[in-house]
Every structure is written in structure tokens, then in C-alpha cells.
Amino acid sequence: MLRITLGDITKVEVDAIVNAANTSLLGGGGVDGAIHRAAGPELLAECRMLNGCKTGQAKLTKGYRLPAKYVIHTPGPVWNGGKRNEEELLKNCYENCLKLAAEHGCRTVAFPSISTGIYRFPLDRASVIAVGAILEFLALHSDMEVQMVCFDKETFQYYQNALKAVCS
């Protein structure tokens with residue numbers, strides 16, 4: 001089951017939340033900074049031991065002060081006009097996060113909109129890629145529930161439209 005919600009991912013009670021991280025995993029702006037602030041300094045300390053993460057891949061840490069047990073960190077691609085495999089890399093982010101969540105027994109996962117902020121990935125494309133990748137995974141893992149947590153109404157509307165388009 002996939003639900004699209006409007007809210008703050010740092011407050012969502014699930015087994016794992018996904019962090020739209022940078023490749024250093026050492027915090028940043030947007031969702032990444034909010035997750036690091038909410039989780040506390042222990043998250044940064046654990047991330048320092050992970051030696052970063054490549055774009056499209058994923059790594060897992062504890063959730064610390066977050067209501068989620070785990071944080072799954074994934075660096076999304078920076079949009080360069082679609083000429084550098086950005087769409088495939090974004091799809092890999094969602095797939096690799098979901099695989100990691102399943103490997104750790106997570107039944108509930110919450111995602112932000114990866115790469116659509118400072119990385120400038122077009123929201124219309126990103127939402128369709130994300131919804132498609134999540135639904136494809138859920139078709140084989142019906143015991144899992146995924147929530148797309150949108151920070152603002154515009155993002156929420158794009159994801160609602162993508163879900164309708166993919167399901168019709």
C-alpha cells in the first residue's frame with residue numbers, strides 16, 4: 001500500500017524514514033538537515049563511520065531521537081538536464097532503500113521527495129519515477145506499507161497526480 005501525505009517526515013511513526021542525503025552523509029540542508037537535527041548528534045556520529053554513500057545507493061543507521069527505528073540514507077542525483085542517467089539513479093534510490101528496509105524487517109517506510117529540492121530534479125518526472133518504483137516493489141512485498149511524505153502542497157499534488165496516472 002502506498003499513501004501520499006502532507007507533513008513533516010521527522011514526525012512520522014514508521015519503522016524507517018528515508019533521508020534525501022548528500023554523498024558525505026554528514027548532514028546538509030532541507031530534509032537532510034531536518035532529519036539530522038531531529039535525530040540528534042548520535043546520528044552524525046554514526047554517519048561519520050559509514051564513509052559516505054554513492055548516488056543511487058542506500059545505507060542504514062539507527063533513528064535515535066526520531067520516532068522511526070531507522071534512517072535509510074540515499075543520495076539522489078543532481079539534475080543535469082537528464083543527460084547523466086539521473087532518472088535511473090533516482091529509481092535506484094527508491095529501489096535500494098526499499099530493499100534495505102525489507103532486509104532489516106521494516107514493514108513501514110516513509111519517503112521524502114528525493115532530489116526535487118536543491119538538486120532541482122523536475123517534480124513531474126521525479127514523482128512518476130518514485131511512485132512507479134515504489135508500486136513495483138510493493139507488488140512483490142505486499143506486507144509493506146510505504147508513505148510518501150510531502151513537505152508542501154505543490155509536491156503533494158504532483159505525487160497524487162503521479163499515483164493516479166500510474167494506477168490508471
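The values are calculated or read from the model by the stated rules, or taken from the named source; none is laboratory data. Every value quoted in this text rests on a predicted model; they were computed, and no experiment measured them. Positions of Cβ are generated from backbone atoms using ideal geometry, with glycine treated the same way; all protein chains shown enter the neighbour counts. Ligands, DNA and RNA are stripped out before the accessible areas are found, and what is left, the full protein with its side chains, is counted by its heavy atoms. Shrake-Rupley method; radii C 1.70, N 1.55, O 1.52, S 1.80 Å.
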Expected 222 nm ellipticity per residue - DSSP helices of 4 or more, -39500 (n - 2.57), all of the chain, to 500: -13000 deg cm²/dmol
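Summing +1 for each Lys or Arg and -1 for each Asp or Glu, what net charge is found among the other residues whose Cβ lies under 10 Å from the Cβ of L66? Numbers along the way, then the final one.
Values: positive: K11, K62, R65, K69; negative: E13.
After counting each charged neighbour, the total is +3.
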Antiparallel DSSP beta bridges within region 8-95, as percent of all bridges there, nearest 5: 40
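Would you mind computing Rg(Cα) / (2.2 N^0.38 Å) for the chain, counting N as its residues? Before the final figure, lay out the partial values.
Numbers: Rg = 14.4 Å, N = 168, 2.2 N^0.38 = 15.4 Å.
Normalised by 2.2 N^0.38 Å, the Cα Rg of the chain equals 0.93.
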Chymotrypsin sites (Phe, Trp or Tyr not before Pro) lying in DSSP loop within region 130-168, provided at most 10 other Cβ fall within 10 Å: none
Under the span-like rule (Cα at least 15 Å along the axis, Kyte-Doolittle mean at least -1.0), DSSP H helices of the chain: 86-103, 123-140, 153-167
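For the chain, what does the accessible surface come to per residue with a 1.4 Å probe? Please give it in Å². Can you show the working numbers first?
On the way: 8230 Å² over 168 residues.
On a per-residue basis, the chain sits at 49 Å².
Of all accessible surface on region 21-130 at a 1.4 Å probe, what whole percent is carbon and sulfur?
On the way: 2600 of 5110 Å².
Taking all protein chains in place, region 21-130 shows 51 percent carbon and sulfur surface.
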Normalised contact order of the chain, rounded percent, pairs of Cα under 8 Å and 6 or more residues apart: 30
Charge sum, other residues only, whose C-beta stays under 13 Å from G117's C-beta, Lys/Arg counted +1 and Asp/Glu -1: -2
Cut-off 13 Å between beta-carbons: net charge of the residues surrounding Q157, Lys and Arg +1, Asp and Glu -1: -1
Interchain or long-range residues, amide H under 5 Å from V78's placed H: none
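Express as a percent, rounded to the nearest 5, the fraction of DSSP beta bridges in region 30-168 (both residues included) that run antiparallel. Walk me through the numbers before you get to the answer.
Details: 4 of 8 bridges.
So the antiparallel bridges amount to about 50 percent of the total.
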Cross-link pairs beyond the 29 Å C-alpha cut-off, checked among K11/K54; K69/K164; K62/K83; K11/K164; K62/K164: K69/K164; K62/K83; K62/K164
Whole-Hz ³J(HN,Hα) from phi, Karplus 6.51 cos²θ - 1.76 cosθ + 1.60, for region 58-64, glycine and proline x: 8, 9, 10, 10, 5, x, 6
